[in-house]
Amino acid sequence: MVDGMDRGKIEALIATRQTGFTLPQPFYFDRAIYAIEIEQIWRTGWLFVAHDCEIPSVGDYLTWDIGDDSILILRDDEGEIRAFHNLCRHRGTRLCSQPQGHVGRIVCPYHQWTYDRSGQLCSARGMEADLNFEEWSLIPVAVATAAGMIYISLADNPPPFDGVGKQIAAAAAPQGLNRAKVACAIDYEIEANWKLVWENNRECYHCNVNHPQYIRANFDHFNEDDTNGAIQTRIAQQLQRNKEHLAATGLTATHQSTGMASFPDPENVDGWCAINRTVLVEDYISETMDGQQVAPLMGDYVDPHVGTLRMRTMPNMWNHSSCDHVVTTRLLPAGPDRTLARVVWLVDQDAVEGRDFTLERLLPFWQLTSEQDWDLCRAAQQGISSRAYRPGPLSTYKEWNVEAFICWYLEQLTPSSES
C-alpha cells in the first residue's frame, strides 16, 4: 500500500485506473489521498448538514465537524439559518462543544467573549476600550437552504447553489420537508472509506442476497440481464395504476426503468445532484416492512400512491421519501478507513408518536437496510486491505452507477494538478 504520496504521484495513480474497474488500492487507504479529498471535494462544494426542522426554534444550534474544522449552524433572532466557524475570535477556543443545543448568546468558555445570534461580538470584558467589535465577529460560512434542507460550503468562493436549490425545492415541495419533524436519528461509525459507502449505495447487485426487506418494495434490484422484459412490463403497469393517484397531487413518476439513473442523466440537475420519483412494487405504498402506511400523509399528499422521491447530493447525502415519512442519510469522512453516518427519519410535524406512528413500525425497513450495508462496506474495506487485492471488473448490467461515481470522484481530484 502506498503512503504519503504527493500530488504528482496521485495523478500518476489516477492515470493507471482502468475504465470499468474498481479503484486502485491506495484510494481506499492512503492518507495523502484522503487529505486531498478533504481539500478538493469536501471543502469546495456544497455539503448537506441537516434538515431545518432539526433546529426549529430561534437559538437552536447544531455543530458539524469536517476535517479540522468545526461549524456552528444556528437559527438567528429572525428565524434565519446562519453558519459560522465554531471558534472564538480571541484565541481560537471552540465555542459550542455539544452536537446540538440552544443558546441565548454564544459565550466562549475560556475568556467569556460573547457573541449574539447573528455572530456579532457584543462583549469582550478585560479588553481595551477601543477594540473594534465589528472586526471580531464570528467568521461566517456560506449557507443555503432548499425545501427545509440545509447546505454549507467551506469554499472561499462557493459554486452556485440556486440551480440545484430550485430543483430540490420543486421536487420536494409536495413532501412538506419544511413542515416535518424528527421522529428518530441514529448515528453510525462505519469501518470503511467513504467512497466504499457510496459505491455500495450506487448499485443493487448485492440487494437480492443482502437486502430482503428492500427488494420486496422496489424494482431496482432487477436489471437488463435478468428481466427479459417482464419487469419492464410490471413497471409500466404500475406506472399506469399510479397515474391517476400521482396526477391528483400534480406529480409525475420520472424514473421509469430498473436501476437508478446514472451520471449524467436527465434527472441529474447539476452534476452533484440527482432527483427522481419512482413507483414501488405492486401493493406497496411506503418503504416499510409490509409496504403499508405507518404515519400520517406528509406535506401536500392527498393520496398515498406517490411512489418514492429519491434525492442525492454528492458527496454526502441520499434521501428516500415515501408518502408518510422521510429517511435521509448523511455521510462524513472520519479518516481513510472510517465514515460517520447519520440516518434521520422525519414525519409530519403534527404526527404524535404512540398515536399516529410508532418507531417499531417506522424504523425497521431503513434501519435494517442501512446496517446491512454498513456490514458489507466493512467487509469490503477489510478485503481491500489485503496485499492480494487488485481492481476488479464492474458489471455493465449492475454497476454502471459505480463506474459513474468513480468517474465523478476522479474528476473532482483533477483540479489538484492546477493548484
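The values are calculated or read from the model by the stated rules, or taken from the named source; none is laboratory data. A quick note: this is a predicted structure, and the numbers were derived from the prediction, not measured. Neighbour counts run over all protein chains shown; Cβ positions are idealised from the backbone, glycine included. Note: accessible area is taken over every heavy atom of the protein model, side chains too, but ligands, DNA and RNA are not part of it. Shrake-Rupley method; radii C 1.70, N 1.55, O 1.52, S 1.80 Å.
Can you give me the number of residues within segment 63-82 that are crowded, with 19+ Cβ neighbours inside 10 Å and more than 21 Å from residue 160 (Cβ to Cβ)?
Selection size over segment 63-82: 5.
Identify, please: which residue in segment 147-206 is closer than 25 Å to residue 74 by Cα and among the hydroxyl-bearing types (Ser, Thr, Tyr) and is, among those, surrounded by the most Cβ atoms within 10 Å (Cβ to Cβ)?
Checking each candidate, the answer is 151.
List, please: which pairs have Cβ atoms under 6 Å, are six or more places apart or on different chains, and start with a residue in segment 83-102 that is hydroxyl-bearing (Ser, Thr, Tyr) and end with one that is open to solvent by less than 40 Å² (accessible area, probe 1.4 Å) and modelled with pLDDT under 95?
The qualifying pairs do not exist here.
Where the second residue is open to solvent by less than 10 Å² (accessible area, probe 1.4 Å) and among the small types (Gly, Ala, Ser) and the first is within 20 Å of residue 103 (Cα to Cα) and lies in segment 66-78, which pairs have Cβ atoms under 6 Å and are six or more apart or on separate chains?
71/83; 73/83
Within segment 360-381, how many residues turn out to be open to solvent by 70 Å² or more (accessible area, probe 1.4 Å) and without any contact (Cβ under 8 Å) to a residue 12 or more places away in the chain?
Total meeting the criteria: 2.
Could you list, in sequence order, all residues of segment 335-359 that are buried (at least 16 other Cβ atoms within 10 Å of the Cβ), in contact with a Phe, Trp or Tyr (Cβ under 9 Å, 6 or more places away or on another chain) and of a type in the set (A, V, I, L, M)?
340, 341, 343, 347, 351
Going through segment 164-185 one residue at a time, which ones are among the β-branched types (Val, Ile, Thr) and under 18 Å from residue 312 (Cβ atoms)?
164, 168 - these are the residues of segment 164-185 that are among the β-branched types (Val, Ile, Thr) and under 18 Å from residue 312 (Cβ atoms).
Do you know which of the residues in segment 5-33 that are touching a Gly at 6+ places or on another chain (Cβ under 7 Å) and open to solvent by less than 40 Å² (accessible area, probe 1.4 Å) is nearest to residue 339 (Cα to Cα)?
The residue in question is 32.
Out of all the residues in segment 353-372, which are of a type in the set (D, E, K, R) and either in a helix (DSSP H, G or I) or under 20 Å from the mean Cα position of the chain (by Cα) (or both)?
360, 361, 371
Please indicate, with yes or no, whether at least one residue in segment 289-301 is on the phi < 0 side of the Ramachandran plot, without any contact (Cβ under 8 Å) to a residue 40 or more places away in the chain, open to solvent by 10 Å² or more (accessible area, probe 1.4 Å) and charged (D, E, K, R).
Yes: one or more hits.
Within segment 393-411, track down each residue that is touching a strand residue (DSSP E or B) at 6+ places or on another chain (Cβ under 8 Å) and either open to solvent by 30 Å² or more (accessible area, probe 1.4 Å) or acidic (Asp, Glu) (or both). Don't jump to the end; show me each part of the working.
To start, the set of residues in segment 393-411 that are touching a strand residue (DSSP E or B) at 6+ places or on another chain (Cβ under 8 Å) comprises 393-394.
The answer is 393, and nothing else.
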